[in-house]
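What follows is a single structure, written as structure tokens, with notes after it.
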Amino acid sequence: FIISLFFVLVTVPIEGILSGGDLGQATRMLMSEVSKLRGEAAYTRKIQTLVLNIEQNTFYALEPETPVEFRKPEESLFEEEREILPATKALPSGVSFADAVVDTLGKVQEGKAEVRFFANGCVEHTLIHLKNEGGKFYTLEINPVTGLIRTHEGYIEQKREGSRFHSS
């Protein structure tokens, strides 16, 4: 019994890695970032933005108040004048963005998708589709009112009429 229990405890975490990528870990990373940005937006009363780089499978927080023309060049000789680059986080190995569906942008399959978090605690309604090398999909749905993420196994499409979503 003890040996079989040990094998179950060891094989379950490895199963996600061997199946082509740990979608659960990617989900937890994104949930953490969404929660942090929603809290910062409400606390600072400023819009926060989550940028999903679909092609590079990375994401980062961006402060929209700093226009590009006012940022200091990165090659500056003085440390304090260097442009502060956002801390980019990569998805786990074997996991990638399939696409992101943001209400204001539509479906984004390449380039960058930006999800805005407003000072009143609301967020743009978003579906983030993750896939692993094993062909498994997860859909992360960010609720526009609560900012909470619901996870769905499979690929959930956005539907225009009637109910908002359906499985495909």
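The values are calculated or read from the model by the stated rules, or taken from the named source; none is laboratory data. Being a predicted model, the structure only gives us computed values, none of them experimental. So basically every Cβ, Gly included, is an ideal-geometry build from the backbone, and we count neighbours across all protein chains shown. For accessibility, only protein heavy atoms count, side chains too; no ligands or nucleic acids. Shrake-Rupley method; radii C 1.70, N 1.55, O 1.52, S 1.80 Å.
For the residues Ala113, Ala119, the requirement of being open to solvent by 10 Å² or more (accessible area, probe 1.4 Å), touching a residue at least 60 places away in the same chain (Cβ under 8 Å) and within 29 Å of Tyr43 (Cα to Cα) singles out Ala119. Could you list all residues from the range 27-50 that are within 25 Å of Val95 (Cα to Cα) and among the acidic types (Asp, Glu)? Answer for the range 27-50, where residues must be within 25 Å of Val95 (Cα to Cα) and among the acidic types (Asp, Glu): just Glu33. Checked against (1) closer than 14 Å to Leu50 by Cβ; (2) surrounded by 15 or more Cβ atoms within 10 Å (Cβ to Cβ); (3) not β-branched (Val, Ile, Thr), Gly94 passes all but a single condition, namely (1). Of all residue pairs spaced 6 or more apart or on separate chains, those with beta-carbon atoms under 9 Å, a first member in the range 133-154 that is farther than 14 Å from Ala98 by Cβ and a second member that is open to solvent by 60 Å² or more (accessible area, probe 1.4 Å) and small (Gly, Ala, Ser) are Gly147/Ser35; Leu148/Ser35; Ile149/Ser35. The condition (being at pLDDT 85 or above and under 23 Å from Glu153 (Cα atoms)) is satisfied by just one residue among Ile2, Ile54, Ile17: Ile54. Scanning the range 107-162 for residues that are of a type in the set (Phe, Trp, Tyr) and more than 16 Å from the chain's Cα centre (by Cα) gives a single hit, Phe118. Residue count for the range 117-134 under the criterion of being closer than 12 Å to Val95 by Cβ and assigned to a loop (DSSP other than H, G, I, E, B): the result is 2. Applying a threshold of 9 Å to beta carbon distances and a minimum spacing of six or more residues, or different chains, the list of pairs starting in the range 26-55 at a residue that is of a type in the set (Lys, Arg) and ending at one that is part of a helix (DSSP H, G or I) reads Lys46/Glu40.
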